[in-house]
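Read-outs: derived from the displayed coordinates by stated rules, not from any lab. What you see is a predicted model; the values in this text were computed from it and never measured. Heads up, the Cβs are rebuilt from the backbone with ideal geometry, glycines too, and the neighbour counts pull from every protein chain shown.
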Amino acid sequence: MEDNKDDKIKRAKKRLDELKGFYIHLAVYIGVNAFILINIALRSYNDSDSFWEFGTFVTPVFWGIGLLFHAIHTFNLNPFFGKDWEKKQIQKFMDEDKREADKYR
């Protein structure tokens, strides 16, 4: 019984560490990208360069993709193969097997 409780505590601590890691990643993402974009905006305003070019948003976009994957892992999000999808596929295969068996009765 005590081992089960220890396992639950370890899993809860691991989950908490994952959440903290994600929120730290998010805070750093927001802070660093805000600093970069403000710097670029001020520099483009002073030099009359265009702020709205591809190079301006490379870091936020690609880092954002990485942050998205971090969120998917942290929050156990799986838009393609979720629990509902698994249940539907299992039911579909069971129905197919039943129809196949009914053919030969």
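Return the calculated 222 nm mean residue ellipticity for the chain, to the nearest 500 deg cm²/dmol, obtained by summing -39500 (n - 2.57) across DSSP H runs with n ≥ 4 and dividing by the residue count.
-28500 deg cm²/dmol
What angle, in degrees between 0 and 90 and rounded to the nearest 10, separates the Cα long axis of helix 2-47 from the longest principal axis of the Cα atoms of the chain?
The two axes meet at around 30 degrees.
Using only the alpha-carbon atoms of segment 35-84, report the extent along each of the three principal axes, biggest first, to the nearest angstrom.
For segment 35-84, the Cα extents along the three principal axes come out at 53, 17, 11 Å.
Consider all pairwise Cα distances in segment 1-44 and report the whole-number % of them above 17 Å.
Percent of Cα pairs beyond 17 Å in segment 1-44: 56.
Could you check the simple spin-label distance between LYS10 and LYS103, using points 7 Å along Cα→Cβ, in nm with one decimal?
About 4.9 nm, to one decimal.
Straight-line reach from LYS10: which lysines fall under 17 Å, measuring Cα to Cα and dropping same-chain residues less than 8 apart?
LYS20
Would you work out which of SER50, ALA27, VAL61 lies farthest towards the positive end of the dipole of segment 1-84? Charges go on Cβ: Lys and Arg +1, Asp and Glu -1.
Most positive-ward Cα: ALA27.
Evaluate Rg over Rh across the chain, taking Cα atoms for both radii and Kirkwood's formula for Rh.
Reported Rg/Rh, Kirkwood definition of Rh: 1.31.
Counting pairs of alpha carbon atoms under 8 Å apart in space and at least six apart in sequence, what relative contact order in percent does the chain give?
Value for the chain: 25 percent.
Need one number: nm distance between label points at LYS83 and PHE57, each 7 Å from Cα along Cα→Cβ, rounded to one decimal.
Distance between label points: 3.6 nm.
State the answer as a single residue: which of PHE75, ILE40, MET94 lies farthest towards the positive end of the charge dipole of the chain, with beta carbon charges of +1 for Lys and Arg and -1 for Asp and Glu, about the Cα centre.
Positive-most Cα among the choices belongs to MET94.
If you line up the long axis of helix 83-103 against the longest principal axis of the chain, both from Cα atoms, how many degrees apart are they, to the nearest 10?
30 degrees
In debye to the nearest 20, how big a dipole does the chain give about its Cα centre with +1 on each Lys and Arg Cβ and -1 on each Asp and Glu Cβ?
480 debye
Sequence neighbours fewer than 8 away in the same chain don't count; with that in mind, list the lysines whose C-alpha is under 29 Å from LYS14.
LYS5, LYS83, LYS87
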